[in-house]
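Reviewing the structure listed below.
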Amino acid sequence: MALDGIVIANIVHELRSTLLGGRINKIAQPEKDELLITIKGQERNAYKLFLSAGAGMPLVYLTENTKASPLTAPNFCMLLRKHLNSAKIIDITQPGLERVVSFKIEHMDELGDLGIKHLIIELMGKHSNIIFCDESMTIIDSIKRVNQFMSSVREVLPGRKYFIPETTHKLDPLNIDYPSFRDNILNKAQPVGKAIYTGLTGISPLMANEICHRSSIDSAESTSALNEDTGLHLYRNFERIMQLVKDKEFSPNIVMGDRGPIEFSSIPLTCYSGHEINSLSSASSMLETYYATKNATSRMHQKSSDLRRLVANTIERSTKKYDLQLKQLKDTDKRDKYRVYGELITAFGYGLEQGAKELIAEDYYNNNEEIRIPLDPQLTPMENAKKYFEKYNKLKRTYEALTTLIKETRDETLHLESIMTSLEIATDEHDLAQLRHELMEYGYIKKKFSLKKGGPKGSSGKSTKSKPFHYISSDGFHIYVGKNNYQNEELTFKLADGNDWWFHAKNLPGSHVIVKSGGNELPDRTYEEAARLAAHYSGAKDSEKVEIDYTERKNVKKPNGKAPGFVIYNTNYSMVADTDISSINKAEE
């Protein structure tokens with residue numbers, strides 16, 4: 001994510017057009033490092049300004065949401081209320097492309113005279129802060145006090161002069177010409193992308209990569225590999241982006257990935273052309289949407305972590321058991337040799353002398369080739385034969401038992417892998433509830449309640465709020481994608497008709513994909529889109545290409561006693577599909 005100087009410039013432009021001339025009506029401090037300021041605009045519109053100096057999520061944007069505040073306001077909040085109640089915002093600025101927003105505020109002092117105060121938010125990761133200063137830029141207080149033991153660069157304490165520390169001596173990207181760009185950026189012995197974001201204020205690694213992508217240059221390539229023409233071409237693309245910032249031509253957007261938002265920017269990102277990109281109306285809505293969605297995705301990942309850990313550990317144990325069983329099965333390969341030994345001793349051992357250590361005989365199972373069979377000299381020939389037959393029978397029983405066990409272990413591993421794939425695509429609590437229920441039903445989690453009384457049942461009969469993914473093909477056909485084994489079974493054997501089409505990744509865990517044909521012949525494009533969905537929602541979604549089996553639903557059968565979602569089919573077609581589903585329309589529920 002890149003809350004860089006360009007996004008801050010977009011926010012400042014938005015705040016200036018909205019809040020200038022407005023008066024501060026309420027100030028709240030919901031968290032120790034957050035402020036929520038209500039501002040009444042000149043047209044009597046009320047706006048809520050959210051400021052956060054959190055180390056992991058420094059933010060500033062307009063919002064319509066309200067957060068609960070403590071009954072007793074913290075000291076910093078009380079200080080701001082004392083000075084800024086009914087104060088007027090007369091300017092909002094950003095120095096260069098620094099990640100700093102400064103609010104210049106006009107207010108009445110205790111004597112009734114007009115005074116000036118400055119409220120400054122620094123959005124700099126763990127060094128983020130909200131600082132309150134007087135007209136001479138002397139610090140009155142801050143939401144985080146920083147003493148000399150915490151920072152050797154700058155103290156943030158009452159009575160200290162406010163300044164922006166210049167620790168990296170970066171150049172202002174809004175005022176740099178080509179000679180300076182060449183001498184200070186391109187002459188660094190660094191990868192091109194790193195040279196850009198470490199040499200220019202407010203340029204993030206994301207934006208540096210975008211500049212390189214627009215210039216058809218690998219951001220990891222060394223600056224020493226660039227010739228004069230390539231360097232000038234790079235500067236021109238950089239200059240075009242800076243011109244967008246100067247002209248305030250911002251395009252807030254969020255780049256979406258498989259499990260939610262990946263990045264956001266106020267400049268169109270061509271380096272993510274293969275992803276779904278959502279455009280938003282304002283920088284505030286971009287930031288609020290991104291972090292709300294990101295937080296929801298993170299919470300979902302955290303909530304599923306115990307299940308993922310359980311399944312991963314069980315898969316590991318099952319895999320080790322499977323490998324051990326295969327090794328034991330290999331040891332039974334010599335069982336037939338012992339049977340042959342017993343039969344040859346029975347056939348030719350009558351002429352052996354007492355105490356013989358071996359039998360030399362013709363192996364009639366192998367073109368009468370001579371064979372030497374070891375004997376126990378303390379046993380008679382018939383006792384030796386009996387001994388070999390006993391070894392044969394023991395290994396035969398072991399082989400038969402292991403053959404069954406190996407199949408069961410392999411089925412168990414496949415079942416667990418399918419659950420792990422389902423955990424990766426779970427989108428809400430209801431999806432997790434179904435997966436937790438399945439793990440309980442198969443004994444991987446101890447049952448804490450009766451399955452007859454609670455828990456989502458999916459195909460076992462009870463209703464559930466968890467729903468499959470629903471897409472509409474480019475040709476208007478409805479496509480359904482199961483999120484888990486219960487839904488896979490529901491889609492395949494209840495929703496789908498015999499002439500509907502069924503898709504699944506070949507020999508991989510993944511979702512059942514059903515295309516409702518309505519009795520019509522499917523266009524090639526619909527086949528391809530359904531195959532891409534099957535590839536995307538499979539255990540190989542990170543691969544470029546995945547082989548997909550597809551057939552009419554009537555050809556798909558469920559063997560008795562198998563886990564939900566496990567099917568067999570003998571008649572099918574196959575195609576190779578990529579995993580990109582960005583162009584496939586998701587149905588609105």
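Please list, ordered by residue number, the strands (runs of 3 or more DSSP E) wholly in the range 474-546 having 1 or more residues that are surrounded by fewer than 24 Cβ atoms within 10 Å (Cβ to Cβ).
Working: elements: 478-481, 501-505, 513-515.
Strands (runs of 3 or more DSSP E) meeting the threshold: 478-481, 501-505.
Residue by residue, here is whether (1) surrounded by fewer than 18 Cβ atoms within 10 Å (Cβ to Cβ); (2) touching a residue at least 60 places away in the same chain (Cβ under 8 Å); (3) among the acidic types (Asp, Glu) holds:
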{"position": "Lys391", "(1), (2), (3)": "yes, no, no"}
{"position": "Thr403", "(1), (2), (3)": "yes, yes, no"}
{"position": "Lys407", "(1), (2), (3)": "yes, no, no"}
{"position": "Ile419", "(1), (2), (3)": "no, yes, no"}
{"position": "Gln434", "(1), (2), (3)": "no, no, no"}
{"position": "Met440", "(1), (2), (3)": "yes, no, no"}
Note on Thr551: of the conditions (1) part of a strand (DSSP E or B); (2) within 24 Å of His430 (Cβ to Cβ), unmet is (2)
Residue satisfying condition, being touching a residue at least 60 places away in the same chain (Cβ under 8 Å) and assigned to a helix (DSSP H, G or I), within set Leu329, Leu344, Leu324: Leu329
With (1) surrounded by 13 or more Cβ atoms within 10 Å (Cβ to Cβ); (2) assigned to a helix (DSSP H, G or I) as the list, and Glu316 as the residue in question, which single condition is left unmet? (1)
Every residue in the range 188-217 that is in contact with a Lys or Arg (Cβ under 7 Å, 6 or more places away or on another chain) and either free of Cβ contacts under 8 Å to residues at least 24 places away in the same chain or among the hydrophobic types (A, V, I, L, M, F, W, C) (or both), please. Ala195, Leu200
Subset tally (residues that are in contact with a Gly (Cβ under 7 Å, 6 or more places away or on another chain) and without any contact (Cβ under 8 Å) to a residue 40 or more places away in the chain) for the range 550-568: 0
Restricting to the range 55-73, name every residue that is over 24 Å from Leu280 (Cα atoms) and either modelled with pLDDT of 95 or more or in contact with a Ser or Thr (Cβ under 7 Å, 6 or more places away or on another chain) (or both). Ala55
Single match in Ser180, Ser204, Ser216 (criterion: at positive phi and assigned by TED's automatic domain parsing to the domain that holds Leu244): Ser216
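Would it be correct to say that Ile27 is assigned to a helix (DSSP H, G or I), hydrophobic (A, V, I, L, M, F, W, C) and buried (at least 17 other Cβ atoms within 10 Å of the Cβ)? Before the answer, list the steps.
Working: assigned to a helix (DSSP H, G or I): no; hydrophobic (A, V, I, L, M, F, W, C): yes; buried (at least 17 other Cβ atoms within 10 Å of the Cβ): yes.
Judged against the criteria, Ile27 is not a match.
Where residues in the range 1-24 are in a loop (DSSP other than H, G, I, E, B) and hydrophobic (A, V, I, L, M, F, W, C), which of them is surrounded by the most Cβ atoms within 10 Å (Cβ to Cβ)? It would help to see each step written out before you state the result.
Initially, the range 1-24 is screened for residues in a loop (DSSP other than H, G, I, E, B), giving 1-4, 20-22.
Right, trim to hydrophobic (A, V, I, L, M, F, W, C) and you get 1-3, 20.
Values: Met1: 16, Ala2: 21, Leu3: 23, Leu20: 15.
The residue in question is Leu3.
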Qualifying positions in the range 125-170 - within 35 Å of the chain's Cα centre (by Cα) and buried (at least 16 other Cβ atoms within 10 Å of the Cβ): His127, Ser128, Asn129, Ile130, Ile143, Lys144, Lys170
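Give the number of residues within the range 539-563 that are within 20 Å of Phe493 (Cα to Cα) and not hydrophobic (A, V, I, L, M, F, W, C).
Step one: filter the range 539-563 for residues within 20 Å of Phe493 (Cα to Cα), giving 548-563.
Applying the additional criterion that residues be not hydrophobic (A, V, I, L, M, F, W, C) yields 549-555, 557-562.
Looking only at that region, the number is 13.
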Would you confirm, using the coordinates I've provided, whether Thr201 is among the β-branched types (Val, Ile, Thr), crowded, with 16+ Cβ neighbours inside 10 Å and under 19 Å from Asp4 (Cα atoms)? yes
Please work out which one of (1) farther than 24 Å from Gly5 by Cα; (2) within 33 Å of the chain's Cα centre (by Cα) is the condition Ile116 fails and give its number. (2)
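Can you report the number of residues in the range 347-361 which are hydroxyl-bearing (Ser, Thr, Tyr) and farther than 14 Å from Ala385 by Cβ? Talk me through it step by step, then tell me what you get.
Let us first name the residues in the range 347-361 that are hydroxyl-bearing (Ser, Thr, Tyr), namely 350.
So of that shortlist, the ones also farther than 14 Å from Ala385 by Cβ come out as none.
Residues flagged as hydroxyl-bearing (Ser, Thr, Tyr) and farther than 14 Å from Ala385 by Cβ within the range 347-361 amount to 0.
Just the residues that are part of a strand (DSSP E or B) and surrounded by 12 or more Cβ atoms within 10 Å (Cβ to Cβ), please, taken from the range 558-572. Spell out the reasoning first.
Step one: filter the range 558-572 for residues part of a strand (DSSP E or B), giving 568-569.
Result: Tyr569, single match.
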Which of (1) over 30 Å from Leu414 (Cα atoms); (2) out of contact with any helix residue (DSSP H, G or I) (no Cβ under 8 Å at 6 or more places or on another chain); (3) not assigned by TED's automatic domain parsing to the domain that holds Arg410 does Leu287 not meet, given it meets every other one? (2)
List every residue pair whose Cβ atoms lie under 6 Å apart, where the two residues are 6 or more positions apart in sequence or sit on different chains, the first residue falls within the range 464-488 and is outside the structural domain of Ser511 (by TED's automatic domain parsing), and the second residue, located anywhere, is modelled with pLDDT of 95 or more and among the basic types (Lys, Arg). none
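The values are calculated or read from the model by the stated rules, or taken from the named source; none is laboratory data. What you see is a predicted model, and the numbers here were worked out from it, not measured in a lab. Every residue, glycine among them, receives a Cβ derived from its backbone with ideal geometry; neighbour counts consider all protein chains shown.
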